[in-house]
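Below: one structure, written as structure tokens.
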Amino acid sequence: MTQEIKPIRKKIEATGLMNKYMAEYFHELDDASKSRDRKIAWCTSVGPAELLHSFGFLVYYPENHGAMLGATRIATDLIPYANAIGYSPDICSYLTSDIGSYLTNNTPLTKAYGIKSVPKPDVLVFNTNQCRDVQDWMAWYAYEFKVPLIGVNTPRTPTEVNDVIIESVAKQIEGMAVELEEISGNKFDPNKLKAVMALSKECTELWKEVLSLAATKPSPISFFDGTIHMGPAVVLRGTQHAVDYYEVLLTELKERVANKVGAIEDEKYRIYWEGMPIWGRLRQHSDLFAGLNACVLASTYCNSWIFSDFDESDPFTSMAKAYTELFIVRSDAAKEEYIKKMIKAFSIDGIIYHDAKTCPNNSNCRYGMPRRIETETGVPSITINGDLNDLRMISDEQNKTNIEAFIEQIEENR
Amino acid sequence: MRNKLAERIIFAGVDVGASRTKAAIIDSDKNILGWNVRKSGTNFTLSSNLCLAEALSMAHADKSEIRIAYSTGYGRKNVTFAAGSRTEIGCHAKGCYHYFPIAMTIIDIGGQDNKIIKVDENGKRTNFKMNRKCAAGTGAFLEEMCLRLDVGLEDMNGLAADAEGIIKLGSYCTVFSATEVLENIRNGKPLADLMKGIFYSVIKRVLEMDSLTDKVLMTGGVVAYNPYLVKMTEELIQSEILVPKLPQLTGALGAALFALESRQQ
């Protein structure tokens, strides 16, 4: 019988420290939720978290919880509960699985940290830079918890992020300060905001450097590693722990580079992942690619938490710029320029586009992009169908055949 | 005679599809000596063994004569006698290029997968697409329709070819399409016109997967037993379509050719 190749992936030693910091983060939120001695803000993952920290809020990110629901493969069982109360199976499966989780009081925080339920919010803050779904998601909880819902409505799909757009977003973020003063009971302190911005900037630069190491051959880190290790950049940015963690991770990965240690054994093919991860299949996909000597080593997804424009001396404008220049906000023309640079920088042999059924805003293959980029760069691509959290949308065998055939094609054309 | 045959070096390819298992036996000169097609069933190892045995029998050969065997298809990992495996995408491309060494677009209509594979003039794959997660437009769709209409699979081609008109289906969904077909039957519409509409639906699902470039070639079980579907496709794309001699065998042949190549490397 033809043998399935047992893949060899390298364990990242810093993971233990990350797990410790993440546990402390969730316990701090849980304690505050129970004691009510600190205010809690829920925030979208690329929302103005720095502003919230400056008011002393503990910040909780429902999208991070959504990813946990997906990675633990309980999302698919929870989505129908949200469907049954009128949230379509065609909308964001982070949203539907998270609401399903709330309705059934079933959270992965229990198994991971012994925490019974997600922390109760005092305010819900969104930024529609990603999609409209985040606003509707927060709106459900605003109704449920009877707490204020505030946010930023970012103009979507610009090719150039011009001053008009930045000014508009900056004013919206600044305008939230008035309501946040009332909710938090604290006066806005520009020095505190500057301090948080400085920490966020430090985190972002370190995370950027971590991801940039994937340009070396072999790559010391894979996309699948990145989806896990970006946790602190998402939920701890603006805190010292995030900075401390990425310093440790960076040191370890630099050692790998110095010793020519790759994230997978015998890297032969270098792959770019475009779109959302399929959270419930991370291990399976990681093994599949590693078994084919293919390292998925770069993605726009993990890069989404790089905010190079942060500038503590001009916090509102720089926050507006950083949160609006993100890949997901932009037009296909801007996205294509970005991907072409990535192909070059990371010596990419092929691109996998994930067409996520419930995430049209981060499925970048739906308006002809793969063919355009392939024609211009000569780098081949395939599209696999799936979803971030709803495993009912996935045909594993088809995806496996697609991926194997794609790697065969790259090999045959060398 | 037997001794002479025993000196032969032969290569085997087995394509275990979701619906049918196919085997091809070739010699060192790439001549097809034997082949077989049978239902895959639920035990892929058993069906691949039986399929190989029948193909060997047709080739008047013994299993011991096989130098190398390769497997492909959905159940490729269940073939116990295979030394290696390749995906069906690669094997179809290899098998088709063997018949027609030109730049081409291959349309393969299988039991649950449709594929469009592009091959350049050197036989290298440049691109491929598989149907999305839905099996609309595949052999499974036709099987379901036949079941609902109480028509034998072998009768589809004749019915469609005899149609005087065509009743097109509106839905992507196999189940809703069946409802639509039954509704038309209740309204007294001719079965033949419906069958032609069902064929049309299959073709539309395939053509919307990708654009067609260069010469077009069709393979797969659906094509093997329904030449009228090929004729309809030709009319739709207004171009002649090539069909290999054994259109259901191109995957198995490709696997056998990979086996032969592996020996040469």
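The values are calculated or read from the model by the stated rules, or taken from the named source; none is laboratory data. Keep in mind it's a predicted model, so treat the numbers as computed, not measured. Positions of Cβ are backbone-derived with ideal geometry, glycine not excepted, and every protein chain shown enters the neighbour counts. Ligands, DNA and RNA are stripped out before the accessible areas are found, and what is left, the full protein with its side chains, is counted by its heavy atoms. Shrake-Rupley method; radii C 1.70, N 1.55, O 1.52, S 1.80 Å.
From largest to smallest, the equivalent ellipsoid semi-axes obtained for the stretch A:289-373 from the alpha-carbon gyration tensor read 26, 16, 12 Å. Each principal axis of the Cα atoms in chain B has its own extent, and those three values, largest first, are 65, 37, 33 angstrom. Over the stretch A:241-314, Cα pairs under 8 Å with separation of 6+ residues give a relative contact order of 33 percent.
Cross-link reach is defined here as a Cα-Cα straight distance under 14 Å, omitting same-chain residues fewer than 8 places apart; for A:Lys10 the aspartates and glutamates meeting it are A:Asp225, A:Glu252, A:Glu255, A:Glu265, A:Asp266, A:Glu267, A:Asp287.
Taking the square roots of five times each eigenvalue of the Cα gyration tensor of the stretch A:1-120, the equivalent ellipsoid has semi-axes of 28, 23, 14 Å, listed largest first. For chain B, the longest principal axis of the Cα atoms and the long axis of helix B:227-237 meet at an angle of about 70 degrees.
Per-residue Karplus couplings for the stretch B:138-148, computed as 6.51 cos²θ - 1.76 cosθ + 1.60 with θ equal to phi - 60°, are listed in order as 9, x, 4, 5, 5, 4, 5, 5, 4, 4, 5 Hz, Gly and Pro entered as x.
Ignoring aspartates and glutamates fewer than eight residues from B:Lys196 along the same chain, the ones with Cα atoms less than 17 angstrom from its Cα are B:Glu143, B:Glu144, B:Asp150, B:Glu154, B:Asp155, B:Asp162, B:Glu164, B:Glu180, B:Glu183, B:Glu234, B:Glu235. On the basis of the beta-carbon distance and an R0 of 41 Å, A:Arg414 and A:Asn162 show a calculated FRET efficiency of 0.40. Counting only DSSP beta bridges whose two residues both lie in chain A, roughly 5 percent are antiparallel.
The mean sequence separation of alpha-carbon pairs under 8 Å and at least six residues apart, normalised by the residue count of chain A, gives a relative contact order of 19 percent. Once the Cα-Cα distance is subtracted from the 0.36 nm per residue extended length, the A:Lys187 to A:Lys208 segment shows a gain of 4.3 nm. Amide H contacts for B:Ile68 (H built 1.01 Å from N in the peptide plane; partners 5 or more residues away or on another chain; cut-off under 5 Å): B:Ala12. Pairs from the list A:Lys260/A:Lys400; A:Lys11/A:Lys340; B:Lys94/B:Lys118; B:Lys39/B:Lys204; A:Lys217/B:Lys124; A:Lys201/A:Lys341 with a Cα-Cα gap above 20 Å: A:Lys260/A:Lys400; A:Lys11/A:Lys340; B:Lys39/B:Lys204; A:Lys217/B:Lys124; A:Lys201/A:Lys341.
Can you compute the equivalent ellipsoid semi-axes for the stretch A:233-358, i.e. the square root of 5 times each eigenvalue of the Cα gyration tensor, sorted largest first and rounded to whole Å? Semi-axes (√(5λ), whole Å): 27, 21, 15.
The trypsin sites (Lys or Arg not before Pro) of the stretch B:170-265 that DSSP puts in a loop, and whose beta carbon has at most 14 other beta carbons within 10 Å, are B:Lys245. Seen from every direction in turn and averaged, the convex hull around the alpha carbons of the stretch B:88-193 projects onto 7.9 nm². Using a probe of 1.4 Å on the protein chains alone, the accessible area found for A:Val178 is around 100 Å². For the cross-link pairs A:Lys171/A:Lys335; A:Lys171/A:Lys194; A:Lys34/A:Lys116; B:Lys30/B:Lys115, which exceed 21 Å when the distance is taken from alpha carbon to alpha carbon? Flagged as over cut-off: A:Lys171/A:Lys335; B:Lys30/B:Lys115.
Couplings 3J(HN,Hα) for the stretch B:47-53, derived from phi with the Karplus relation 6.51 cos²θ - 1.76 cosθ + 1.60 (θ = phi - 60°), are 5, 5, 5, 5, 5, 5, 4 Hz, where x marks Gly and Pro.
Database remark: amide H of A:Asn127 closer than 5 angstrom to the amide H of A:Thr44, A:Val152 (H placed geometrically; neighbours at sequence offset of 5 or more, or on other chains; Pro and chain starts carry no H). What number comes out for the charge environment of A:Glu182, summing +1 per Lys or Arg and -1 per Asp or Glu over other residues with Cβ under 14 Å away? Charge balance near A:Glu182 sits at -1. Hydrodynamic analysis of the stretch B:116-265 uses the Kirkwood radius over alpha carbon pairs. Inserted into Stokes-Einstein at 20 °C and 1.002 mPa s, it gives a translational diffusion coefficient of 128 µm²/s. If you wrap chain A in the convex hull of its Cα atoms and look at it from every side, the mean projected area works out to 19.7 nm². Inter-part distance, the stretch A:87-149 to the stretch A:212-290, computed on C-alpha centroids, equals 28 Å. Around the Cα centre of the stretch B:102-243, unit charges on the Cβ atoms of Lys, Arg, Asp and Glu (plus for the first two, minus for the last two) sum to a dipole of about 500 debye.
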